[in-house]
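First comes the structure, then the notes that go with it.
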Amino acid sequence: MAQRAQALTPAPRRRKWEWPWWVSPAGTVTALGLFTIYSLWETLTHSSGQYHNYLSPFFSPDVRAIGIQFLPAIWVVWAPLLFRATCYYYRKAYYRSFFSDPLACARPERPGRAYTGETKLPFVLSNLHRFFFYVTVVVMAFLWYDAIRAFIFPNGFGVGVGSLLMLLNVILLSVYTFSCHAFRHLIGGGLDCFSCSRGPILRYSLWKTVSKWNQEHATWAWLSMFSVWATDLYIRLLISGVLHDVRLF
Amino acid sequence: MAEMKTLHVFRGDQSGGEEVAYEIPVEAGMVVLDAVHQIQATQAPDLAVRWNCKAARCGSCSAEVNGKPSLMCKTRVDAIEGEIHVRPMKAFPLIRDLVTDVSWNYEKAKQIEPFAPKEPAPFTMYQRDVERSQQFRKCIECFLCQDVCHVLREHSAKEQYFGPRFMIKIAELEMHPMDGADRLHFTSHQAGVGMCNITKCCQEVCPEHIHLTDDAIIPLKERVADREWDPIRALFHKTAAR
Ligand code: SF4
Ligand code: SF4
Ligand code: FES
Ligand code: FES
């Protein structure tokens with residue numbers, strides 16, 4: 001028989017607490033399901049998301065400015081929606097939770113089900129993710145403009161709970177957007193040789209930074225989804241008069 | 001007296017088999033492979049198990065411990081609550097007991113175009129250009145990632161997909177600054193990167209903590225998308241290649 005790897009008495013390994021395997025898929029289905037229902041309600045039943053200097057992210061850019069009055073949110077939300085639907089992290093989340101492909105690692109799947117991965121319609125269209133990234137970058141510019149405007153009240157600069165929420169939201173959305181795998185590829189990941197490119201140090205350090213953010217991409221995906229939700233809900237409650245904005249100064 | 005633990009070890013071959021329970025005394029620092037050796041030495045000398053280094057270096061002792069693809073020599077007995085079930089890898093044909101036939105992997109490896117240097121060695125390379133490939137070279141070929149990958153394990157799509165281990169092999173070569181070959185068409189078609197749905201189980205089980213999905217498979221999917229889904233980039237690539 002072989003020698004034991006450890007001759008001395010090592011400390012007993014502390015048992016790591018693990019959630020039951022179904023907690024993660026059940027949580028994902030609940031959160032994504034509720035967010036989808038909320039988004040449908042918000043976009044299909046409201047014609048404005050504006051409360052004084054606050055504009056809900058669902059309604060930005062404000063297409064009413066160019067004369068579109070019919071369900072203005074619909075003209076906006078398709079871009080972030082498709083960006084998220086084709087995001088590598090959300091793909092993992094919904095393949096696992098909604099399609100049980102696989103529900104959890106090394107768990108048996110329903111036998112006899114045809115599986116084609118991302119090679120056939122509709123999932124093969126996820127390859128278009130980069131194009132939704134480009135559109136989302138444009139939307140981000142509007143959201144930053146809105147966030148700055150949220151600090152400008154009729155009597156000048158001020159800070160309300162809404163201003164802070166909108167700022168936090170746009171920061172989280174930016175980190176989520178710029179930690180995207182397609183951006184990581186675009187910024188330098190597609191190169192085989194950083195040193196052979198123009199600006200090797202810059203390309204390498206940009207790629208390194210995006211890679212670091214990318215490691216937590218799932219966290220940014222959830223946090224930014226909840227911040228959009230919270231910001232919109234807060235503004236909706238202001239519009240409907242349920243809440244009054246708290247001005248900090 | 002030493003604490004006793006029950007190990008349920010799969011015994012059998014292609015024609016069938018079942019788990020057999022063995023009681024063993026637990027020793028300090030014992031790993032599952034020690035426990036299996038203990039059984040082999042005292043209760044079942046014909047128990048088949050493949051192993052070599054007992055140091056998580058050779059990649060031979062891959063099995064499924066309580067349903068999780070693991071290296072037996074890296075899985076501590078005292079880290080497992082309750083009974084321990086040890087089974088062979090599910091994705092590969094069983095030879096006997098805990099030993100499976102992993103030769104399919106070597107067949108796939110042969111089909112990948114090897115390193116094709118752009119110029120004769122020695123070359124000057126910078127750390128920043130080789131660090132991505134270096135991560136993938138940590139692979140010890142334990143094939144746990146292949147075992148857990150549901151494309152191979154549950155859908156038996158071995159004809160359509162080479163599996164995560166070979167995605168990192170291709171990525172290692174494709175991202176090499178001095179490699180001149182182009183494997184992207186191969187990656188998308190014969191090797192079948194599109195079959196992976198990036199659900200990251202391979203990354204979760206890798207004993208070398210290689211970021212298979214994030215650092216190899218997704219970047220490969222992006223490179224394939226450059227070529228097959230992005231007319232602007234594909235055009236640029238063609239012009240640049242001239
Ligand atoms: S991420 Fe892809 S390669 Fe890895 S286990 Fe999942 S399907 Fe298989
Ligand atoms: S990538 Fe990791 S899990 Fe896969 S064969 Fe290599 S070491 Fe094993
Ligand atoms: S990968 Fe998630 S946004 Fe691009
Ligand atoms: S015996 Fe070598 S990796 Fe376990």
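The charge dipole of region B:103-241, taken about its Cα centre with unit charges on the Cβ of Lys, Arg, Asp and Glu (plus for the first two, minus for the last two), comes to roughly 100 debye. A convex hull fitted around the alpha carbon atoms of region B:4-100 yields 91 Å³ per residue. Computed log10 I(q)/I(0) for the protein assembly as shown at 0.13 Å⁻¹: -1.23, from the Debye equation with unit scatterers placed on every C-alpha and solvent omitted. Taken across both chains, chains B and A shield about 4900 Å² of accessible surface from a 1.4 Å probe.
Inter-part distance, region A:53-96 to region B:91-148, computed on C-alpha centroids, equals 42 Å. Axis of helix B:127-136 versus longest Cα principal axis of chain B: the two differ by about 40°, to the nearest ten degrees.
For chain A, pairs of C-alpha atoms spaced more than 28 angstrom apart make up 48 percent of the total. Highest-first packing order for the peptide set B:162-172, A:70-80, B:106-116 is B:162-172, A:70-80, B:106-116, based on the mean count of other beta carbon atoms within 10 Å. Using alpha carbons only, the radius of gyration of chain B set against its Kirkwood radius gives Rg/Rh = 1.06. Sparsely packed loop sites in region B:1-74 (the trypsin sites (Lys or Arg not before Pro) outside DSSP H, G, I, E and B with at most 15 other Cβ atoms within 10 Å) comprise B:57.
Peptide A:53-61 has a mean shielding of 0, counted as Cβ atoms of other protein chains within 10 Å of each residue's Cβ.
Using bins of 10 Å that start at zero, the share of Cα-Cα pairs per bin across region B:103-241 amounts to 12, 41, 35, 12, 1, in whole %.
Looking at the protein assembly as shown alone, DSSP beta bridges between its own residues are antiparallel in about 90 percent of cases. When only Cα pairs below 8 angstrom with a gap of at least 6 residues are kept, region A:47-194 shows a relative contact order of 24 percent. Taken residue by residue and averaged, Cβ atoms of other chains lying within 10 Å of the Cβ of A:105-112 number 6. For chain B, the solvent-accessible area with a 1.4 angstrom probe is 43 square angstrom per residue.
Within the accessible surface of the protein assembly as shown, defined with a 1.4 Å probe on protein heavy atoms only, the carbon and sulfur portion equals 63 percent. Taking 25 Å as the straight-line reach from the Cα of residue B:108, the lysines in range (excluding those fewer than 8 positions away in the same chain) are A:120, B:68, B:90, B:118, B:138, B:158, B:169, B:200, B:221.
The values are calculated or read from the model by the stated rules, or taken from the named source; none is laboratory data. Note that the structure is a prediction, hence the values are computed from the model and not measured. Glycine also receives a Cβ, built like all others from the backbone with ideal geometry; neighbour counts cover every protein chain displayed. When the accessible area is computed, the model is the full protein with side chains, heavy atoms only, and any ligands, DNA or RNA have been set aside. Shrake-Rupley method; radii C 1.70, N 1.55, O 1.52, S 1.80 Å.
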